[in-house]
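One structure is given below, encoded as structure tokens.
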């Protein structure tokens, strides 16, 4: 289901500042890093919609979400970047490393 919803996302940008995208005409600017979080965010958005929560309220709530300590948690940027991630399985570790690599390639 979420792969279908990913098609409804436009203007996806992932940076060291977080994830930005449009969904159903609404801007989301969520200060968490890691492109794999898009599916988690879509699950949250969908649950909110199913529960009857207005998309604007969902957007405001997610835009203020600061993430979870220890999950792609940037603790230092100078003189080099340090990210803590409690990747607890192979898939989590692969996602964390791939996203860190992508951020570096984009010019962190």
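The values are calculated or read from the model by the stated rules, or taken from the named source; none is laboratory data. For clarity, every value in this text was computed on a predicted model and none was experimentally measured. With ideal geometry, Cβ positions are generated from the backbone for all residues, glycine too; neighbour counts draw on all protein chains shown.
Quick notes on this one:
- Candidate set: the stretch 61-73, residues that are at pLDDT 85 or above and surrounded by 12 or more Cβ atoms within 10 Å (Cβ to Cβ); chosen: the one farthest from residue 37 (Cα to Cα): 61
- Of all positions in the stretch 90-97, none carries a residue that is outside the structural domain of residue 35 (by TED's automatic domain parsing), free of Cβ contacts under 8 Å to residues at least 60 places away in the same chain and not in a helix (DSSP H, G or I).
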